[in-house]
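Written out below as structure tokens is the structure these notes cover.
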Amino acid sequence: MIRIRNLHKTYTMGKNVLHVLKGIDLSIEQGEMVSIMGSSGSGKSTLLNVIGLLDAYGDGEYFLNDVLIKNLSESRSAHLRSRFFGFVFQAFNLISFKSALENVALPLYYQNISRKKRNRIALEYMEKMGIRDWAGHMPNELSGGQQQRVAIARAMISQPKVILADEPTGALDTETSYEVMDLFQKINAIGVTVVIVTHEHDIAARTGRTINLKDGTILSQG
Ligand code: ADP
Ligand code: MG
């Protein structure tokens with residue numbers, strides 16, 4: 001599903017060129033659950049953002065379901081992005097002045113689905129994530145684990161083929177981290193591909209294989 005060949009990415013700041021991804025070769029099959037590990041600054045988030053069509057790359061090739069991702073228009077990449085990917089972040093990224101339910105339902109708003117229908121569907125997803133009782137609460141009334149479940153429900157509501165999670169347990173205690181990982185495993189068990197960036201070995205150990213990044217190159221990939 002994801003096929004990357006000799007991919008490079010640089011950031012240019014004035015006269016300085018920072019070579020962040022240096023010839024990445026990587027394949028991820030549909031239905032896999034993989035982790036990406038590496039120290040801070042090794043290029044994990046950059047790689048995840050390239051995979052999720054949030055960022056462009058330089059040399060090399062990226063095929064998503066055999067479609068070459070190169071020089072796509074913003075509307076084409078937005079379309080592919082919303083069809084393929086759900087995103088989860090370390091800091092949850094919930095909208096603070098909207099209820100948990102409204103946060104989960106938000107992606108459906110952009111699909112022009114009626115409020116009644118989107119609230120019904122959002123409640124179903126909150127039920128699946130074990131947070132239905134918190135639907136009417138505001139994000140600041142929820143624990144970190146509950147907020148991350150809201151964020152995962154929001155990512156799942158548009159039925160993505162791939163969940164991309166950037167250090168999703170980075171702000172959680174160990175027990176809550178494992179609960180969130182249980183949830184990702186359940187999501188993976190229904191056929192969704194899951195890619196998790198982490199720097200915690202015990203989190204990586206709960207995925208099917210680990211891709212190790214160092215200074216923008218892959219050291220090993222399970
Ligand atoms: P990681 O997620 O592994 O910590 P990142 O992918 O965030 O690493 O960053 C890799 C390198 O690229 C770092 O040196 C970082 O400072 C740099 N970098 C990341 N994003 C940008 C950006 N938008 N502009 C310039 N440099 C960036
Ligand atoms: Mg990062």
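What follows draws every value from the coordinates through simple rules; no lab data is involved. The structure displayed is predicted, hence computed values, not measured ones. Here Cβ is always computed from backbone atoms with ideal geometry, including for glycine, and neighbour counts include all displayed protein chains.
Observations on the structure shown:
- Here K70 is the anchor, and the lysines within straight C-alpha reach of less than 18 Å, apart from those fewer than 8 places off in the same chain, are K9, K22.
- Note on T207, T176, T169: ascending count of other Cβ atoms within 10 Å places them as T176, T207, T169, the fewest first.
- If only the Cβ of Lys and Arg carry +1 and only the Cβ of Asp and Glu carry -1, the dipole of segment 1-151 around its Cα centre is close to 380 debye.
- Across the options N71, F92, I113, the greatest Cα extent toward the positive end of the charge dipole of segment 1-132 (unit charges at beta carbon of Lys, Arg, Asp, Glu) belongs to I113.
- Fraction of antiparallel bridges per DSSP, the chain only, in percent to nearest 5: 55
- Computed from the C-beta positions of V67 and H199, the FRET efficiency with R₀ = 35 Å rounds to 0.65.
- Modelled label positions at R3 and N93, each set 7 Å beyond Cα in the direction of Cβ, lie 2.8 nm from each other.
- Ordering T174, T217, T12 from the fewest to the most neighbouring beta carbons within 10 Å gives T12, T174, T217.
- Residues whose amide H comes within less than 5 Å of that of I36, counting only those at least five positions distant or on another chain, are I196, V197, T198, I211 (H built at 1.01 Å from N in the peptide plane).
- Principal-axis analysis of the Cα atoms of the chain puts helix 115-128 at an angle of about 80° to the longest axis.
- Residues E200, E32 in ascending order of nearby Cβ atoms (within 10 Å, fewest first): E200, E32.
- The calculated FRET efficiency for E29 paired with S114, based on their beta-carbon distance and R0 = 25 Å, is about 0.10.
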